[in-house]
Every structure is written in structure tokens, then in C-alpha cells.
Amino acid sequence: MTVSSDLVTLADIEAARHLLAGVTRLTPVEPSRPLTAKLGGPAWLKCENLQRAGSFKVRGAYVRLARLSAEERRRGVVAASAGNHAQGVALAAGLLGISSTVYMPHGAPLPKIAATKGYGAAVEFAGSTVDEALVAAKEFAERTGAVFIHPFDHPDVIAGQGTVALEILGQVPEVKTVITGVGGGGLISGLAVGIKALRPDVRVVGVQAADAAAFPPSLAQGRPVRLDSFGTIADGIAVGRPGDITFEHVAKLVDDVVTVTEEDISRALLMLLERGKMVVEPAGSVGVAALLAGVVTVRTPVVAVLSGGNIDPMLMLRVIEHGLAAAGRYLTFTVRCGDRPGHLAKLLTYIAEQGANVVDVAHRRQDSRLQLGEVELALSVETRGSEHSDRLLTALRTAGYTVTFGV
């Protein structure tokens, strides 16, 4: 298949599925009770977080590499990625006996770096974003003759990612909506091709992080637009400009592209971990985040694609804490009370009686706003949700405590 502006076809995706037979896994679809209750109809999770190398990326990478000529394979390949495309290319190259080099931005998650090296790729670092790493990878290709493997903007890559659509339609034939995260647009382009060819009645919805959303302004202007700056915890979809080929697919085939906040993403990750027992990276959870936040109206049954599960444990810890706070279950505030023996014990006992759990306490006495014999206590408290948090704060104020925020 040659690079052109023509749309990928269903035949291309079916050929890609044949290439991937025995290479990729048929990932499961799992029902989601929280989403079903929220939406009032069946909701399913397509678990590409359980795919080989931890994401859907190996599909497109393998198809692209498998179609290289013998001479191109001898030259090796180079790619740029924050992690998932890197692992997909490294795994595919190893399976096909091709040498690979991957450029990753400085600050890429350590588990993704380690996994990429583990699959046999040489890892180099350049820039602080995927876009900057892409520039370095292209320069490497020009300098060495290695074949540049774009993370999303190539028909072979789109066709490989489109095999997810064929699986979804086979696993949930009654589906009415498919929703997935969007970075450069490779996955949603492939999904839209496959779904619209076989089931044009099914809505295809893309989701971007609000702080890294290049598609909405691009679609509004009718051409790919580069963001001046962007940043999000969803590093896997932090792309500053849609691809030329993927933009054309999205503009013609995708029904809607919406955005979610960092708080929405944190809540979704927490729900998936707590209720679904799913380890999902931020980029892989944005479809679920959009459904939970109600930023898009969908027809059920709906399938949300969990596009990846490669999350740094340290980031997971921060996200869980942030998600608890966003869900009103982790409350931080200050209380002023008398600085005399027994006052702290009385306060902590009172909080416990309200059904909350104190996680951390810090004293502050050196503040000109405090009266003589008064102390300010910075408290971190676990609650059962926003309503419980509101009741706790109301009870403290009713009991005569001065409660403030902004510790």
C-alpha cells in the first residue's frame, strides 16, 4: 500500500487482519456496570490494555513493518513515541528480525522505556514532546537510511489499528456507539473506516484531553492545526497536530470529537481500577472519562476502547490521589482550634464520629492571622464522596470550628 490521501478501505483492514493472525491477541470486551448504570443501557470495555506490548499500537506497527521490502528491512527502522508506539515497533521489529531505534521525549515513563529496550530497540531521547522526538527520528532516518515508522499518519498503520473495529463488531454486534481516545488519529481513523463500512448506523466518537486537543480547532478550520502548547497526564494522546492522512479520515468519517479535563481522566482511572479491576493508562481511559462526565450523548449499547495499560506506578499513585480528590473522597482543609492539651484529640474524635478517616495532620502556629493560644491544623481526610465531604464540613462549622481551604 502506498502513502496517499485516499482513505483506507475495508479491504485494507481485512488484509491487515490476515497479517496479524497469530501475532496480536483478540482482546476481550468486558461489561461495565458503573457505566451501564450511568448511561441507562449496556456499556462495554474493549480491553486493548491487555494487548501484546500493552496497547493497540502493535497492530499498526506490525502491519507497517511486515510490508517493508527486503532492502528496507536491511536498513532498519526508526520511530518516535512517548511509549506505546515505541513498544509496538520494538516488538514488531523483533518478531520480524528488523533492527529498530526509537526516539522518546525526555521524561517518558520509565516502565515504557524499560519495556521498549526489553523488546530489543535502541532508545534515544530528544525534546520534551512526541512532536520534538518525531523531528529527531526523521533526522535519524535521513542520516542513516533507516525507514521512518510514523506513529499514526500512514495507511498501513491505520489499517492495522482498524482491525479493532472488526473485533468489536464481532464481539458486540448490537453496538450503537464506539468511543475512543484520540491523539494523532490513527486508531479512530481505522475504527471509523471499519465501522462505517460495515455498520454506518454506528456512531464513532473521539475524545481528547482538553489541554492537548488539536482536533477540534483543526476540524473547525478544515485543516490540521498545530497547538502552540499542550500538556496532559494522558501522554499517549499528547500530540500537537493531527496527521494529514488521519485528519482526512476523521473529518469524513468520525461523528464527533469531544474533550475531557484532567479531573475527568483521574475519576475514570479510579473507577476502572476500583470497580473494573482494570489497570489503564490515562490516554486509555479518556473514552470512559467522557461517558462518566456526560460530555457526549451516546446511544447504547456503547463500547469504550481502553487503548492502553502502560502506566508508570508513580503516576498511578498521583492519579489515584487526584482521582479521590476529584471524586470528593479525599478532602484537604484547615481548622483553627485552641492550642491546649486535649483539643486535637477532641477534633479527631469528632471527625471519626462523622465517619471520616484522618490521613494526615500538620500543625501551624507561626501565622500572624492566628490569635494567641490558637493553632491551625492542616488535615487530609478520606470520605465516602462529595456528599459525605459536605456533611463533614457542615458538621465541623456547626460545632464551632473555623474551616478554610488552600493549605
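The values are calculated or read from the model by the stated rules, or taken from the named source; none is laboratory data. Since the model is a prediction, treat every value here as computed from it, not as a measurement. As a convention, Cβ positions derive from the backbone with ideal geometry for all residues, glycine included, and neighbour counts pool all protein chains shown. Heads up: the accessible areas ignore ligands, DNA and RNA and are worked out on the full protein's heavy atoms, side chains in. Shrake-Rupley method; radii C 1.70, N 1.55, O 1.52, S 1.80 Å.
Quick notes on this one:
- Interchain or long-range residues, amide H under 5 Å from Ala126's placed H: Met104, His106
- Residues Leu26 and His343, FRET efficiency given R0 of 45 Å [Cβ-Cβ distance, rounded to 0.05]: 0.15
- Share of carbon and sulfur in the accessible heavy-atom surface of the chain [1.4 Å probe, %]: 51 percent
- Point-to-point label distance, Glu132-His106, nm (Cα→Cβ direction, 7 Å offset): 0.7 nm
- Only Cα pairs under 8 Å and 6+ residues apart enter the sum, and on that basis the relative contact order of segment 103-167 stands at 28 percent.
- Residue-normalised accessible area of segment 123-279, given per residue in Å² at a 1.4 Å probe: 35 Å²
- Counting only DSSP H runs of at least 4 residues, each contributing -39500 (n - 2.57), and dividing by the residue count of the chain, the helix-based mean residue ellipticity at 222 nm comes to -13000 deg cm²/dmol.
- Taking a straight line from the alpha carbon of Lys277, these lysines sit under 30 Å away, with near neighbours fewer than eight places off in the same chain left out: Lys38, Lys46, Lys57, Lys112, Lys117, Lys176.
- Between Arg391 and Gln354, the contour length at 0.36 nm per residue exceeds the alpha carbon distance by 12.5 nm.
- Computing semi-axes √(5λ) of the Cα gyration tensor in Å directly from the structure and comparing it against (1) 78, 24, 15; (2) 53, 20, 18; (3) 45, 24, 18 singles out (3).
- DSSP-defined antiparallel bridges as percent of all bridges, the chain, nearest 5: 45 percent
- Model label points for Glu274 and Ala11, set 7 angstrom from Cα along the Cα-to-Cβ axis, are 5.1 nm apart.
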